[in-house]
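Novice: Starting off with a structure, shown below.
The values are calculated or read from the model by the stated rules, or taken from the named source; none is laboratory data. Since we're looking at a predicted model, the values are computed, not measured. Note that each Cβ is placed from the backbone with ideal geometry, even for glycine, and that neighbours are counted across all protein chains shown.
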Amino acid sequence: MRVDISKLMPPSSIVAGPCEPVFRWETGAAILDDAIGGGFAIGRVHEVFAARAEDSPACAGFVLALAIRNAGHSKPVVWLRSERAVRGGVIQGAGWAELGGAPEACLFVLAEDAKALLRAGVDALRCGGLGAVVIEGWGRMPELDLTASRRLSLAAEKSEVPLLMLRVDAEPVPSAAETRWQVSAAPSQALPGNAPGAPCFDIELLRCRSRPAGQSWRLEWDRDRKSFRDTAVSGSMVSLPLRRQAAQTGNGPLRPDAKYAA
């Protein structure tokens with residue numbers, strides 16, 4: 001069954017033209033933001049892959065933190081899942097709040113199959129005022145071909161809403177994504193009294209349009225500031241070494257930037 005998200009929220013009156021600037025939201029980790037041109041581009045597609053299936057909770061946590069960073073408490077988030085994704089677990093409201101977000105501002109939608117999931121993604125991206133749209137898909141998803149990816153990208157550009165593609169048990173394929181990432185779980189730094197520390201993520205930039213890729217970082221999430229920080233800067237850990245050669249290439253206050261060529 002098709003889920004028409006556009007009926008739930010008013011459409012945006014903002015339409016991005018080909019010569020207009022693209023805005024970005026900074027993650028808080030300056031070294032990462034600099035590597036991708038000042039932060040994550042709003043109105044673009046960003047793919048996030050779990051390094052292994054067992055890293056799916058860490059990958060979901062990273063995507064959730066990104067959505068919280070951009071949405072804050074003022075913008076809703078639409079999270080779309082396939083039925084297969086439910087087998088990997090369910091995001092609880094308490095967990096959302098623990099990361100500093102507002103769970104009451106999130107709308108979860110369950111799609112019966114990949115085609116319905118992608119259609120719902122396009123519908124959601126037509127809604128203005130969202131903090132982010134998340135599409136969570138497990139497995140290869142052959143329905144997500146280059147044509148479908150471009151359709152999602154165009155919808156994101158028109159509404160100026162970022163799309164975070166959460167992929168588990170899948171390999172990257174050519175797409176219209178602005179950036180592509182790989183995420184795995186990382187150990188946190190224990191707090192006094194051996195209390196659990198802040199969530200940490202090992203992330204690798206696989207692709208960034210018009211910029212070099214291949215860099216890796218270990219990031220820590222600060223729920224109070226709703227911000228990432230590089231653990232090498234905070235002094236609790238060291239950054240990961242560069243693990244591959246530069247690969248194919250491709251926000252916190254908003255900042256304008258020149259739009260990259262397609």
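Novice: Tell me which residues, restricted to the range 156-183, are surrounded by fewer than 23 Cβ atoms within 10 Å (Cβ to Cβ) and under 18 Å from V22 (Cα atoms).
Specialist: K158, E160, A176
Novice: Which ones in the range 63-95 are within 15 Å of the chain's Cα centre (by Cα), within 22 Å of A120 (Cα to Cα) and not small (G, A, S)?
Specialist: Those that are within 15 Å of the chain's Cα centre (by Cα), within 22 Å of A120 (Cα to Cα) and not small (G, A, S): V63, L64, L66, I68, N70, P76, V77, V78, W79, L80, R81.
Novice: Let me spell it out: the conditions are (1) outside any strand (DSSP E or B); (2) crowded, with 23+ Cβ neighbours inside 10 Å, and I135 meets all of them except one. Which number is the exception?
Specialist: It is condition (1) that I135 fails.
One line per residue, one yes/no per condition, for (1) part of a loop (DSSP other than H, G, I, E, B); (2) among the β-branched types (V, I, T); (3) at pLDDT 95 or above; (4) over 15 Å from G131 (Cα atoms):
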site	(1), (2), (3), (4)
R2	yes, no, no, yes
M9	yes, no, no, no
P18	yes, no, no, yes
V48	no, yes, yes, yes
S56	no, no, no, yes
L80	no, no, yes, no
G88	yes, no, no, yes
A94	no, no, no, yes
